Amino acid sequence: MGRKTSQKIRELHRYLGFFLAGIMAVYAISGIVLIFRDTDALKTEIKIEKTIETGLSKDKIGPTLGIKKLKVDREEAGVYYFKGGSYNSATGKASFVKKELPYVLDKMSHFHKAKSGEPLFFLNIFFGVSLLFFVISAFWMFIPGTQIFRKGIIFAAAGLLLTLVLLFI
């Protein structure tokens, strides 16, 4: 590639980097938070009391309350007990504790995990393609044959090797 093409790729890399700085920060923070999604780290407890349909069976309580993988531990006199709460089948009264991330972190995490049916999915695809562009365009940031370029190739190879090791261990 000619010097002019290399210069254009470098400019695009630079300005796309500035443009995506905010979203990269959001993805970085939410990615770190999502690592701990199976724990209660950073989460606050919210006590919820609501009245739902009476006489629900064990397997209908979770979907009605919006609790995934709800497992009833025991039942005593029509009251079903599960982790963090209970449901009275006679009165329909349910009380439980829900643990949620703070508002901003929760929004960031949902942004990070957007699915194909959500409006943000186009932004996620654009961001993913942009990251691939950064990977490829990084090799046009320095002139091939220079010492800094050779060191960059060594670091890129080491990073690739580390990634492969971590992926397949």
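The values are calculated or read from the model by the stated rules, or taken from the named source; none is laboratory data. The structure displayed is predicted, hence computed values, not measured ones. All Cβ positions, even for glycine, are placed from backbone atoms using ideal geometry, and neighbour counts span all protein chains on display.
Do we have S116 as of a type in the set (S, T, Y), closer than 30 Å to L20 by Cα, out of contact with any strand residue (DSSP E or B) (no Cβ under 8 Å at 6 or more places or on another chain) and touching a residue at least 60 places away in the same chain (Cβ under 8 Å) here? Let's see the steps before the verdict.
On the way: of a type in the set (S, T, Y): yes; closer than 30 Å to L20 by Cα: yes; out of contact with any strand residue (DSSP E or B) (no Cβ under 8 Å at 6 or more places or on another chain): yes; touching a residue at least 60 places away in the same chain (Cβ under 8 Å): no.
When the stated conditions are applied, S116 does not pass them.
Give the residue that is surrounded by the most Cβ atoms within 10 Å (Cβ to Cβ), with candidates limited to residues of the stretch 42-56 that are part of a strand (DSSP E or B) and under 29 Å from the mean Cα position of the chain (by Cα). Going through the qualifying residues, I end up with I48. The listed residues are F134, F139, F149, F96, and the only one of them that is part of a strand (DSSP E or B) and of a type outside the set (K, R) turns out to be F96.
Residue-wise test of (1) in contact (Cβ under 8 Å) with a residue 12 or more places away in the chain; (2) surrounded by 10 or more Cβ atoms within 10 Å (Cβ to Cβ); (3) in the same structural domain as M141 (by TED's automatic domain parsing); (4) assigned to a loop (DSSP other than H, G, I, E, B).
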residue	(1), (2), (3), (4)
F18	no, no, yes, no
A25	no, yes, yes, no
S30	yes, yes, yes, no
K60	no, yes, no, no
F122	no, yes, yes, no
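Among the residues of the stretch 76-93, those identified as outside any loop (DSSP other than H, G, I, E, B) and either small (G, A, S) or in contact with a Lys or Arg (Cβ under 7 Å, 6 or more places away or on another chain) (or both) are Y80, Y81, F82, G85, S86. Among the residues of the stretch 21-54, those that are within 18 Å of Y87 (Cα to Cα) and out of contact with any helix residue (DSSP H, G or I) (no Cβ under 6 Å at 6 or more places or on another chain) comprise I46, K47, I48, E49, K50, T51, E53, T54.
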